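For reference, the structure is listed below as C-alpha cells.
The values are calculated or read from the model by the stated rules, or taken from the named source; none is laboratory data. Small disclaimer: the values here were computed from a predicted structure and weren't measured. Here the Cβ is made from the backbone with ideal geometry for all residues, glycine too, and neighbour counts use every protein chain on show.
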Amino acid sequence: MNDYVEGLKIATKKSVEDFLKQKSWAFVGASENKKKFGGFAYRELKTKGIKLTAVNPTLEKFVDEPVYSSLSELPYPVDAVLIAVSPSKTLQIVKEASRLGIKHVWMQQGAESEEAIEFCRENGMNCIHGECIMMFAHPAGVHRIHRFIWKVIGRLPK
C-alpha cells in the first residue's frame with residue numbers, strides 16, 4: 001500500500017478511504033482531557049459509530065470503557081491504529097502495530113515523525129499523516145468546512 005504521490009509524502013484519497021473502511025481501530029493517545037485532541041476526537045469518533053479501543057499507558061478507565069497500555073495488550077485484534085501522541089513515541093507505536101499485523105496507521109497532525117513514516121513505507125503499511133481524521137470520518141459535521149477549504153486550496157488528498 002503506497003500512500004506516497006510521486007516524490008511527495010502525502011496521503012492519497014485511496015489511502016484515506018482504505019483506512020476508513022477498517023472495522024475496528026485502536027486510538028493511541030485517548031485522553032480524559034476534552035480539550036486535547038485525544039479527548040474530544042475519541043468521543044466524537046465513537047458517536048460516528050466507529051469501533052474504537054482506547055490505548056494510553058497512563059489511564060485505567062476512559063469514558064466508562066477499559067483502556068489498554070499498549071497495542072499488544074488489546075484482548076482482540078484491530079484493523080487500524082489512530083495515533084495522537086508526541087512524535088517521539090510514534091515510531092515505537094508503528095513498529096508494534098507492524099509486529100501485530102496492523103497495516104493501517106493514521107498519524108494525527110502533530111504525531112508524525114519522519115522515522116515512523118519511513119518505517120511504514122518500508123513495511124508496506126497504509127500510512128496517513130498530515131491530515132486530520134475529523135475531516136474524513138463520516139459524517140464530518142463542522143469539519144466539512146475544513147475539508148472544503150483544503151479542497152479549494154488544493155491540499156485535499158487526490
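Condition first: among the polar types (S, T, N, Q) and touching a residue at least 40 places away in the same chain (Cβ under 8 Å). Now tell me which residues in the range 56-96 satisfy that.
none
Test each condition in (1) in a loop (DSSP other than H, G, I, E, B); (2) closer than 17 Å to N126 by Cα; (3) not aliphatic (A, V, I, L, M) for P75 and report the one that comes out false.
All conditions pass for P75, except number (2).
Just give me the residues in the range 89-110 being farther than 19 Å from S24 by Cβ, under 13 Å from the mean Cα position of the chain (by Cα) and either part of a helix (DSSP H, G or I) or modelled with pLDDT of 95 or more (or both), in sequence order.
Matches in the range 89-110: T90 only.
Among all residue pairs at least 6 apart or on different chains, which show Cβ distances below 7 Å where the first residue, located in the range 105-119, is more than 15 Å from F19 (Cβ to Cβ) and among the hydroxyl-bearing types (S, T, Y) and the second is assigned to a helix (DSSP H, G or I) and modelled with pLDDT of 95 or more?
If the second residue must be assigned to a helix (DSSP H, G or I) and modelled with pLDDT of 95 or more, the pairs left are S113/P87; S113/T90; S113/L91.
Scan the range 7-52 for residues that are among the hydroxyl-bearing types (S, T, Y) and either modelled with pLDDT under 95 or in contact with a helix residue (DSSP H, G or I) (Cβ under 6 Å, 6 or more places away or on another chain) (or both) and jot them down.
T12, S15, S31, Y42, T47
Of the conditions (1) acidic (D, E); (2) farther than 19 Å from R121 by Cα; (3) in contact with a strand residue (DSSP E or B) (Cβ under 8 Å, 6 or more places away or on another chain); (4) outside any loop (DSSP other than H, G, I, E, B), D18 clears all except one; give me its number.
Unmet for D18, out of (1) acidic (D, E); (2) farther than 19 Å from R121 by Cα; (3) in contact with a strand residue (DSSP E or B) (Cβ under 8 Å, 6 or more places away or on another chain); (4) outside any loop (DSSP other than H, G, I, E, B): (2).
Tell me which of these G39 doesn't satisfy, since it passes every other one: (1) of a type in the set (G, A, S); (2) in contact (Cβ under 8 Å) with a residue 24 or more places away in the chain; (3) surrounded by 17 or more Cβ atoms within 10 Å (Cβ to Cβ).
(2)
Using the structure shown, decide if K89 is among the basic types (K, R) and farther than 18 Å from G130 by Cα.
no
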